[in-house]
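Here's the structure we're looking at; comments come further down.
Throughout, read-outs are computed from the coordinates displayed, never taken from laboratory work. This one's a predicted model, so the numbers in the text were calculated from it and none came from an experiment. So basically every Cβ, Gly included, is an ideal-geometry build from the backbone, and we count neighbours across all protein chains shown.
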């Protein structure tokens, strides 16, 4: 047992940190710190900086542009990225569809899509959830019917994150209605500007627009846009969701937020003195920090295990990371609410240009608190994660 | 970054787990509890035979030079088997004072007896009003000639009845809550002026309240600097806290395992109650709590070696908080999921719950350590 990072790993952390310091556009960072939404341009600009450095698709195999880093290096990179903070790579392209394409796609598909994913020439979105299938994903109904050398796609997807920016969608479609529900699903990709695709925004309780409904009305897609084999889509989806666990605990995000809380709590007054001097508040903050420390160690145990024994099957420990990680993220947003107290109320009337320093720092705290209720729902709700632990670990 | 045990450590784990599987079933434990002082001399002898009592001592002192990880392995195994024998009091704490500050003569006088199992120790530290503050010491040690005279009362001294030597904290200078002027003294349990009142504790161990009335000891009784021993006490108690964290992890592992087995077999409404989602989710939450505790136990084990004393104390305090919270949750829910049978003395599970509960209140509870972390300026 040795929990220390090696000299090389520490040097790597410094390298990553100083790259972020020198290259993340300051306004992008400020917006993230304040919990604001970024514009498409701001995100793409940063991802292309990252890609130019060779870190855009860091965990991909080297032949497709990956870095060949160790598990620990990936961990360090993610932690630094999250805690700087800088925008994380677009998961839908980099962590989801990319690995499916280089693992199950044909050579032509690899050549066509992978470089464009890496440089975000194509913005991808995920067509999995449907109005009737949330946690029970395999009950999806969107249909793709084969007609000659084409698919005809009809149906509806929902919770499609940032579909308003997307150029491409990867979609789970039912291609064999007679098969058992997991067996008749295929993985098909197509442009969002195809005729018959309609995107309708969903406004979330924080007032933001992150998610959308996407409708397919006789959308024609070339047959060769099928990834892998017909009716094997469920396997690819499981593979993809297993890959999603990199950074799922979002330890870096919570660290950054806890630092911000401590900073603000030293400035905001309660009872005539900074709220950090209030012992009840300070202990709540400490409690959250301790939980996060434990989670960080749990995550490192998973990372070290992957480094030693290979990734193999999805590790049920990732369910622990998801449950605790989301709970802690939510607690940090609650603590921020507590710090700003009555100034949680004003709606964001000042805009997000940073011009009103007196109030801007509070403007996104309540929306961020509201928005973060999502983290225990998405990516397999925490209740689904508990089912996974009960079955896969405890054998119940 | 490596959380795995090395080959030797794996063998150590196997050997102690094997020993305890053979000699520490629940029925045997009940018998050991009735022996004098509340534990089995025979089991203690077996631990000595396997070299476990000499594990953390240096080879020069006749031990095996084991480190924190080795102690973690042993304590986890002792927790898993709900062991009564005074490993913490004798090897971790008593031995700890000797390892960190004992003179060659002190080590020569005490360590061989610890290693061969013929002598045990006890830590007489807690006082009526000191609660968890290690510096809150009213017991006095006054200079007399070359030696010392000790007066005062100590409470809930684990292994107090059987111990051959008491490790006593006493004030040599200053007032009750001064951080300086505290010493550590080795006092023979049969010294004139030592009186003991022994009793079983809630978790099945044995402790004693001990009164020192004009107890005279020699100059060689003082371990470390008798006028400035707090740092030494904190160091050794930190190691004890880390050991308790590991013991708690063993207890939680076994509690969870026992509980999951129980809900797989207990039938109601014609099905195993473990098929009910509400119980599955509870068990999953117990698993999460136990894993978080395991992570912090490992962290604390490593923190023992941090050079910066403040950083070390902070990390170990954080671990004790996590262990306290996890232990409470896993312990309480183990009883809940067992239902009525969990309330009975004859079921094993309740005894795990009781030991977990007592661990939380030993050497600082969750609130105490959380406050320490909070007041230190945080952990992130």
Legend entry - Within 10 Å of each Cβ in B:290-296, the average number of Cβ atoms from other chains: 6
Legend entry - Relative exposure of B:307, A:256, A:383, judged by other C-beta atoms within 10 Å (fewest first): B:307, A:383, A:256
Inset, instruction - Pop out the Kirkwood hydrodynamic radius of the stretch A:192-237 from its pairwise C-alpha distances, inverse of mean 1/r, in Å to one decimal. - result: 13.2
Legend entry - Helix B:68-80 vs. chain B, principal-axis angle (Cα, 0 to 90°, nearest 10): 60
Legend entry - 10 Å Cβ neighbours from other chains, averaged over peptide B:316-326: 3
Legend entry - For chain B, projected area of the alpha-carbon convex hull averaged over all directions, nm²: 19.2
Inset, instruction - Just the ratio, please: alpha-carbon radius of gyration of the stretch A:153-208 over 2.2 N^0.38 Å, N its number of residues. - result: 1.35
Legend entry - Descending semi-axes in whole angstrom, ellipsoid equivalent of the stretch B:163-231, from the Cα gyration tensor: 24, 16, 11
Legend entry - Cα→Cβ-extended label distance, 7 Å offset, between residue A:139 and residue A:381, nm: 1.1
Inset, instruction - Divide the volume of the convex hull of the Cα atoms of the stretch B:101-219 by its number of residues and quote the answer in cubic angstrom per residue. - result: 111
Legend entry - Estimated translational D of the stretch B:248-333 in µm²/s (Stokes, Kirkwood radius over Cα pairs; 10 °C; 1.306 mPa s): 113
Legend entry - Distant alpha-carbon pairs in the stretch A:1-104 (separation over 25 angstrom), percent: 23
Legend entry - Approximate shape of the stretch A:26-75 as ellipsoid semi-axes (Cα gyration tensor, √5λ), whole Å, largest first: 26, 13, 8
Legend entry - 222 nm mean residue ellipticity, helices alone, for the protein assembly as shown (DSSP H n ≥ 4; -39,500 (n - 2.57); rounded to 500): -15000 deg cm²/dmol
Legend entry - Spin-label pair residue A:5/residue B:346, simplified geometry with 7 Å Cα→Cβ offset, distance in nm: 5.7
Legend entry - Full-extension gain in nm, residue B:128 to residue B:361, via 0.36 nm per residue minus C-alpha separation: 82.4 nm
Inset, instruction - Could you work out the relative contact order of chain A, using alpha carbon pairs under 8 angstrom and six or more residues apart, expressed as a whole percent? - result: 14
Inset, instruction - Consider a paramagnetic label point 7 Å from the Cα of residue B:103 along Cα→Cβ; state which residues of the stretch B:220-239 have an amide N under 12 Å from it. - result: B:220-226
Legend entry - Residues residue B:191 and residue B:35, FRET efficiency given R0 of 22 Å [Cβ-Cβ distance, rounded to 0.05]: 0.35
Legend entry - Rg over Rh [alpha-carbon atoms, Kirkwood Rh] for the protein assembly as shown: 1.04
Legend entry - Theoretical FRET efficiency, 1/(1+(r/R0)^6), r = Cβ-Cβ of residue A:218 and residue A:52, R0 45 Å, to 0.05: 0.65
Inset, instruction - Would you mind giving the average projected area, over all directions, of the Cα convex hull of the stretch B:190-286 in nm² with one decimal? - result: 10.4
Inset, instruction - Calculate the spin-label point distance for residue B:14 paired with residue A:64, positioning each point 7 Å from the Cα along the beta-carbon direction, and give it in nanometres. - result: 4.1
Legend entry - Ranked list, fewest to most other Cβ atoms within 10 Å of each Cβ, for B:348, B:235, B:177: B:177, B:348, B:235
Legend entry - Rounded, prolate or oblate (a/c below 1.5 giving rounded, otherwise prolate when a/b exceeds b/c) for the stretch B:46-138 by Cα gyration tensor: oblate
Inset, instruction - Could you pull the Cα extents of chain A along its three principal axes, largest to smallest, in whole Å? - result: 75, 52, 48
Legend entry - Compactness of the stretch A:99-250, expressed as Rg and Dmax over alpha-carbon positions, Å: 14.9, 46
Legend entry - Semi-axes of the equivalent ellipsoid for the stretch A:68-153, Cα gyration tensor, largest first, Å: 30, 19, 12
Legend entry - Fewest-first sequence of B:278, A:279 by Cβ atoms within 10 Å of each Cβ: B:278, A:279
